[in-house]
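Asker: What follows is a single structure, and I will ask about it in a moment.
The values are calculated or read from the model by the stated rules, or taken from the named source; none is laboratory data. Just so we're clear, the structure is a prediction, and the values are computed from it rather than from any experiment. No Cβ is skipped: glycine too gets one built from the backbone with ideal geometry, and neighbour counts run over all protein chains shown.
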Amino acid sequence: MNAIRKSLHPGWLLVAPFLLLVIALYLGPILNILWLSVTDPEPGMGNYRKLFVSDSLLRIFWTTIRICLITTVGSVLLGYSIAYAMVHCHQKQKSYMLTLLLVSFWISILVRTFSWLMLLGHRGLVNNALEGMGVISEPIAFMRNELGVLIGMIHYMIPYAVLPLLVNMQSLDMRVMDASRNLGASGQQTFMRVYLPLTLPGIVASSLLIFILSLGFYVTPAVLGGGKVLMIAEYISVQLLVTLKWGTAAMLAGLMLFGVLAMLYIMSRFMKLSAVFGGSA
Amino acid sequence: MKTGFFSLFNRAGAWILLLFLVTPALIAIPVSLTPKRFLSMPKDELSLRHFEKLFSSPEWMSSFFQSATIGISTSVLATALGTLCAIGLWRVSSKYSEVVRAFLLLPLIIPQIISAMAFYRLWIPMGIIDSYIGLILAHTILATPMVLITVSASLANFDPKLEQASKNLGASNWTTMRRVILPSVKPGVYAGALFAFILSWDEIVVTLFISKFSVYTLPRRMWNGIRENTDPTVAAAAVVLIAITILAFAFSAFMSRRSASDTKA
């Protein structure tokens, strides 16, 4: 009796509206999609088997993984450099840096993708400028290939990479680094043997976050890839909106979902998830 | 740690990177001022014709209006649901409530393409595909976790003793909520409302799936413009969006500074 009363804390009444909404209108259809992946067009693991049989599916799968990995490494490296600089400079400079970071965070993904289209096109500004300076004679193909997708994605992901690293670096006790220097370690040794290991949780959290976000990324690959770089998200949309094959799309969505949940689980072991997403519950 | 050569070098690199983050988007500004009918950089003269076209086009204007309607409705709904939810979870504060919290953050984390599939799947039988209701509901589910995060962050700084004090002094639950808890989480509520609006205002992936003809939001129209890639009106629209972003940013920075000085005082 006591246990029941305890589990029916009045606070749950406030949680209920949104909880019910998510269960009915979000969890429900997602479970339905997972169900479809093993029943449409016929019951069984046929959809999942396709992954090993169909060359095109396999290629899309690996393209997605490759682009996500490169994006993750690129944006975490660059993000690390930004976060490091932000933690180790004066308050005023830091707040300017944070402003730039957040402004870029807030600029619409569509605006940014559109800008890259202007800059990277065959007759785009970058090619024009390079040709004008006589650096190249032929325009470089920045678009409709993986290079363009990677530029657009890394550019978009850097702010996301910086934030978890910043949280982690700000929580470090700088006296540990001073101790290392006092004990005779060089700056480089202190960085490699003390600072870097201490920021490892931040690096892991930031990498997983970027990987998760890249995995389902739709806008930039669709526009800058120009149909030449097919990633899972775009393939799903084609399957649903053009060829109406729910089974294959559901299978890919299921794989993506399990991948994301697995990574979230790993991530939660390294860092409080709420810290990564800006809260501090 | 003393500022070494490496640190200075890295700081310079970080500034360059930060500028690299912001500047590409600004390219839309000169392109929007071109006098030509196609996407190009202006050479000798500047012209505002594409802004004129943008503001006199019934299609673009209706999209602005639709996005604003959906964004504001989403923001109101998400703020109400998210604030209630955050306060509820904070009051329960048990092992279960943390599990529920993690579960409720999922719509924010699960790739939008999967959310889009889910809404598309359910909205068709429910008959709310391609309708305001459908878009507002979908955006609300995606945006409420944002409010949950920002309000929870505010609650983390709230002293639970104040709530007890209010009740000891004879205030009802409702009065305590309205007069004690809500005022002290105001910054989180405002921030959440703003984030929820931006999320909806900018949302494209789910929108592509669950809208067709009768609802045509601004991102949807931008998306089409980008895919056709010829009309400089898109550049003008992009400039307007950047301006709105910067205004919203300045507003939220102002609000958070004000609330910060409030707490100090």
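Asker: Name the residues in the stretch A:87-99 that are within 7 Å of chain B (Cβ to nearest Cβ) and either in contact (Cβ under 8 Å) with a residue 12 or more places away in the chain or within 19 Å of B:Leu241 (Cβ to Cβ) (or both), would you? Full working, then the answer.
Answerer: Just the residues of the stretch A:87-99 that are within 7 Å of chain B (Cβ to nearest Cβ), to begin with: A:88-89, A:97.
Selection gives A:Met97 alone.
Asker: If we scan the stretch B:64-79, do we find a residue that is within 12 Å of chain A (Cβ to nearest Cβ), farther than 16 Å from B:Thr144 by Cβ and out of contact with any Lys or Arg (no Cβ under 7 Å at 6 or more places or on another chain)?
Answerer: Going through the stretch B:64-79, the residues within 12 Å of chain A (Cβ to nearest Cβ) turn out to be B:67, B:77-79.
This time we only want the ones that are farther than 16 Å from B:Thr144 by Cβ, so: B:67.
Those left that are additionally out of contact with any Lys or Arg (no Cβ under 7 Å at 6 or more places or on another chain): B:67.
There is at least one residue in the stretch B:64-79 that is within 12 Å of chain A (Cβ to nearest Cβ), farther than 16 Å from B:Thr144 by Cβ and out of contact with any Lys or Arg (no Cβ under 7 Å at 6 or more places or on another chain).
Asker: Just for the stretch B:233-251: of the residues that are small (Gly, Ala, Ser) and facing chain A (nearest Cβ under 9 Å), which one is farthest from B:Trp201 (Cα to Cα)?
Answerer: To start, the set of residues in the stretch B:233-251 that are small (Gly, Ala, Ser) comprises B:235-238, B:243, B:248, B:250.
Those left that are additionally facing chain A (nearest Cβ under 9 Å): B:235, B:237-238, B:248.
Working: B:Ala235: 17, B:Ala237: 13, B:Ala238: 13, B:Ala248: 12 Å.
Of everything passing the filter in the stretch B:233-251, B:Ala235 is farthest from B:Trp201 (Cα to Cα).
Asker: Need pairs with beta-carbon distance below 6 Å; first residue in a helix (DSSP H, G or I) and within the stretch A:188-214, second among the β-branched types (Val, Ile, Thr) and crowded, with 19+ Cβ neighbours inside 10 Å; sequence gap 6+ or separate chains.
Answerer: A:Ala205/A:Val276; A:Ser206/A:Val76; A:Ser207/A:Thr72; A:Ser207/A:Val76; A:Ile210/A:Thr72; A:Phe211/A:Thr72; A:Ile212/A:Val260; A:Ser214/A:Thr71
Asker: Sticking with this structure for a sec: Give the residue that is nearest to the chain's Cα centre (by Cα), with candidates limited to residues of the stretch B:116-140 that are at the interface with chain A (Cβ under 8 Å from one of its Cβ atoms) and surrounded by fewer than 24 Cβ atoms within 10 Å (Cβ to Cβ).
Answerer: Restricting to residues being at the interface with chain A (Cβ under 8 Å from one of its Cβ atoms) and surrounded by fewer than 24 Cβ atoms within 10 Å (Cβ to Cβ), the top hit is B:Leu137.
Asker: Within the stretch B:162-265, considering only helices (runs of 4 or more DSSP H) that don't extend past its boundaries, which have at least 1 residues that are closer than 21 Å to B:Ser62 by Cα?
Answerer: Working: elements: B:173-176, B:186-202, B:205-210, B:218-228, B:233-264.
Those helices (runs of 4 or more DSSP H) span B:186-202, B:205-210, B:218-228, B:233-264.
Asker: Next question, about the same structure. For a quick check of your reading of the model, give me the residue pairs whose first member lies in the stretch B:90-106 and is more than 8 Å from chain A (Cβ to nearest Cβ) and closer than 18 Å to B:Pro160 by Cα, whose second is surrounded by 14 or more Cβ atoms within 10 Å (Cβ to Cβ) and aromatic (Phe, Trp, Tyr), with beta-carbon atoms closer than 6 Å and at least 6 apart or on different chains.
Answerer: none
Asker: Residues in the stretch B:182-231 that are free of Cβ contacts under 8 Å to residues at least 40 places away in the same chain and farther than 30 Å from B:Pro160 by Cβ: how many?
Answerer: Within the stretch B:182-231, residues that are free of Cβ contacts under 8 Å to residues at least 40 places away in the same chain and farther than 30 Å from B:Pro160 by Cβ number 9.
Asker: Counting only residues that are over 21 Å from the mean Cα position of the chain (by Cα) and either farther than 13 Å from A:Gly11 by Cα or assigned to a helix (DSSP H, G or I) (or both), how many does the stretch B:69-102 have?
Answerer: 12
Asker: Same structure, new question: Residues being in a loop (DSSP other than H, G, I, E, B) and facing another protein chain (nearest Cβ under 9 Å): count how many of those fall in the stretch B:1-39. Write out each step before concluding.
Answerer: From the stretch B:1-39, those in a loop (DSSP other than H, G, I, E, B) are B:1-4, B:27, B:33-39; that's our starting set.
Within this subset, residues satisfying the condition of being facing another protein chain (nearest Cβ under 9 Å) are B:1-4, B:27, B:39.
Here the count works out to 6.
Asker: Kindly provide the set of residues from the stretch A:136-166 that are farther than 18 Å from B:Val22 by Cα, of a type outside the set (A, V, I, L, M, F, W, C) and surrounded by fewer than 21 Cβ atoms within 10 Å (Cβ to Cβ), ordered by number.
Answerer: Matches in the stretch A:136-166: A:Ser137, A:Glu138, A:Pro139, A:Arg144, A:Asn145, A:Glu146.
Rundown of residues vs (1) at the interface with chain B (Cβ under 10 Å from one of its Cβ atoms); (2) over 21 Å from the mean Cα position of the chain (by Cα); (3) not hydroxyl-bearing (Ser, Thr, Tyr), yes/no style:
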residue	(1), (2), (3)
A:Ile210	no, no, yes
A:Thr220	no, no, no
A:Gly247	no, yes, yes
A:Ala253	yes, no, yes
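Asker: Moving on. Which condition number in (1) touching a residue at least 60 places away in the same chain (Cβ under 8 Å); (2) surrounded by fewer than 14 Cβ atoms within 10 Å (Cβ to Cβ); (3) not small (Gly, Ala, Ser) is the one that B:Phe5 fails?
Answerer: (1)
Asker: On to the next question. All but one of (1) more than 14 Å from chain A (Cβ to nearest Cβ); (2) in contact with a helix residue (DSSP H, G or I) (Cβ under 6 Å, 6 or more places away or on another chain); (3) within 21 Å of B:Ile198 (Cα to Cα) hold for B:Gly82; which doesn't?
Answerer: The one condition B:Gly82 does not meet is (1).
Asker: Hey, another quick one. Which residue, of A:Ser186, A:Ser214, A:Ser206, is among the hydroxyl-bearing types (Ser, Thr, Tyr), over 18 Å from B:Leu208 (Cβ atoms), surrounded by 23 or more Cβ atoms within 10 Å (Cβ to Cβ) and within 11 Å of chain B (Cβ to nearest Cβ)? Lay out the reasoning, then the answer.
Answerer: Numbers: A:Ser186 fails: surrounded by 23 or more Cβ atoms within 10 Å (Cβ to Cβ); A:Ser206 fails: within 11 Å of chain B (Cβ to nearest Cβ).
After applying the criteria, what remains is A:Ser214.
Asker: Find all pairs meeting these conditions: Cβ atoms under 8 angstrom apart; at least six residues apart or on different chains; first residue within the stretch A:100-122 and farther than 16 Å from B:Pro30 by Cβ and not assigned by TED's automatic domain parsing to the domain that holds A:Val223; second residue at pLDDT 90 or above and assigned to a helix (DSSP H, G or I).
Answerer: none
Asker: Only one of B:Thr69, B:Thr83, B:Thr74, B:Thr79 is in contact (Cβ under 8 Å) with a residue 24 or more places away in the chain, surrounded by fewer than 21 Cβ atoms within 10 Å (Cβ to Cβ), more than 28 Å from A:Gly124 (Cβ to Cβ) and polar (S, T, N, Q); which?
Answerer: On the way: B:Thr83 fails: surrounded by fewer than 21 Cβ atoms within 10 Å (Cβ to Cβ); B:Thr74 fails: surrounded by fewer than 21 Cβ atoms within 10 Å (Cβ to Cβ); B:Thr79 fails: surrounded by fewer than 21 Cβ atoms within 10 Å (Cβ to Cβ).
The conditions single out B:Thr69.
Asker: Another one. B:Leu155: modelled with pLDDT of 90 or more, on the phi < 0 side of the Ramachandran plot and either within 22 Å of the chain's Cα centre (by Cα) or not polar (S, T, N, Q) (or both), yes or no?
Answerer: Values: modelled with pLDDT of 90 or more: no; on the phi < 0 side of the Ramachandran plot: yes; either within 22 Å of the chain's Cα centre (by Cα) or not polar (S, T, N, Q) (or both): yes.
The answer is no for B:Leu155.
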